[in-house]
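The block underneath contains the structure these notes are about, expressed in structure tokens.
The values are calculated or read from the model by the stated rules, or taken from the named source; none is laboratory data. Because the structure is a prediction, the values reported are computed rather than measured. Cβ: placed from backbone, ideal geometry, glycine included. Neighbour counts: every protein chain shown.
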Amino acid sequence: MTVSQVQQGKVVVGILALQGAFAEHQVALQKISSPRKVCPLLVRTPDDLAKCDALIIPGGESTTIALLARLAGLLEPLRQFTKTKPIWGTCAGAILLAQAVENTKKGGQELLGGMSVTVARNGWGSQVESFEAPLLVDGLQDSQTPFTGVFIRAPVIQALHPSPDHPPLEIIARLPVGKLPKSQSIVSPDEDDTDPRDPRTIVAVRQGRHMLTTFHPELTKDGRFHEYFVRACVLSSLF
Ligand code: GLN
């Protein structure tokens, strides 16, 4: 952030715009209310990234986003960015932010890391197993009103890895009890899925200035997760 941006109270929130639902995040950010003016910026080059105070990595296809980031010379700048600035990864973006991923394509997958979480790609199954679930989220404005989580070939959180060397992991949202989708890859039809501590029910996590959601808040008209990211991750770490 430049000195003049701080003086004017503006924050530049970049959106990685290589592939996926970046335009929807841009629209969502333009609509939110925030104590500081939020300026969305589509990021396609290292120079774009250098102008950002924070970054959103959208849903899409994590392997494609990683490949395009490498071709654009963005992979290392993004890894550096995770070390100092807030990032929110949604769905494919959540995969890129994880420290480890299971169920990768042959040959593995490049990650940025930044959050102490293991995820399984496509953990709920294929596109036809997409689903919506009502999420009650304490940290949001109007928290009694459920947030509609849209899950499209979403990753499943397999494990959190708390450590004294990293900021604590804060679970922001879980699927309602008994709502784990039954699919061969993640929950077998006869499995008991009512344990409220089951990591696979976690769908939104914050760790210090970073956040991941395995669903797509940008595909709803509800801007509360965007407001939450700006308030809890971005403004609290910048001002
Ligand atoms: N399954 C996709 C991936 O591996 C993520 C899907 C999404 O972002 N909706 O990247």
>> Just to be sure I understand, how many residues within the range 10-30 are farther than 18 Å from Lys83 by Cβ and within 16 Å of the ligand (Cβ to nearest atom)?
In response: 11
>> Please count how many residues of the range 200-232 are among the hydrophobic types (A, V, I, L, M, F, W, C) and within 12 Å of the chain's Cα centre (by Cα).
In response: 8
> If you go through the range 98-106 one residue at a time, do you hit one that is surrounded by fewer than 17 Cβ atoms within 10 Å (Cβ to Cβ), within 12 Å of the ligand (Cβ to nearest atom), charged (D, E, K, R) and closer than 30 Å to Pro77 by Cβ?
Replying inline: yes
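Among the candidates Thr63, Thr84, Thr145, single out the residue that is within 13 Å of the ligand (Cβ to nearest atom) and polar (S, T, N, Q).
On the way: Thr84 fails: within 13 Å of the ligand (Cβ to nearest atom); Thr145 fails: within 13 Å of the ligand (Cβ to nearest atom).
Answer to the check: Thr63.
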> Out of all the residues in the range 31-39, is one or more away from the ligand (no atom under 16 Å from the Cβ), farther than 18 Å from Met211 by Cα, surrounded by fewer than 17 Cβ atoms within 10 Å (Cβ to Cβ) and among the charged types (D, E, K, R)?
Replying inline: yes
> Looking only at residues in the range 109-123 that are touching a Leu at 6+ places or on another chain (Cβ under 8 Å) and among the small types (Gly, Ala, Ser), which one is surrounded by the fewest Cβ atoms within 10 Å (Cβ to Cβ)?
Replying inline: Gly113
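Pick from Leu68, Leu111: which is among the aliphatic types (A, V, I, L, M), more than 10 Å from the chain's Cα centre (by Cα) and more than 12 Å from the ligand (Cβ to nearest atom)? Spell out the reasoning first.
Numbers: Leu111 fails: more than 12 Å from the ligand (Cβ to nearest atom).
Going through Leu68, Leu111 in turn, the sole match is Leu68.
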> Mind checking which residues of the range 153-179 are part of a loop (DSSP other than H, G, I, E, B) and either of a type in the set (Gly, Ala, Ser) or touching a helix residue (DSSP H, G or I) at 6+ places or on another chain (Cβ under 6 Å) (or both)?
Replying inline: Arg153, Ala154, Pro155, Ser163, Leu175, Gly178
> For Leu212, all conditions in the list (1) of a type in the set (A, V, I, L, M); (2) within 22 Å of Ser34 (Cβ to Cβ); (3) assigned to a loop (DSSP other than H, G, I, E, B) hold save one; what is the number of the exception?
Replying inline: (3)
> Of these, Gly108, Gly93, Gly60, which one is at pLDDT below 95 and either not in a helix (DSSP H, G or I) or not polar (S, T, N, Q) (or both)?
Replying inline: Gly108
>> Among the numbered criteria (1) surrounded by fewer than 20 Cβ atoms within 10 Å (Cβ to Cβ); (2) away from the ligand (no atom under 13 Å from the Cβ), which one does Phe131 miss?
In response: (2)
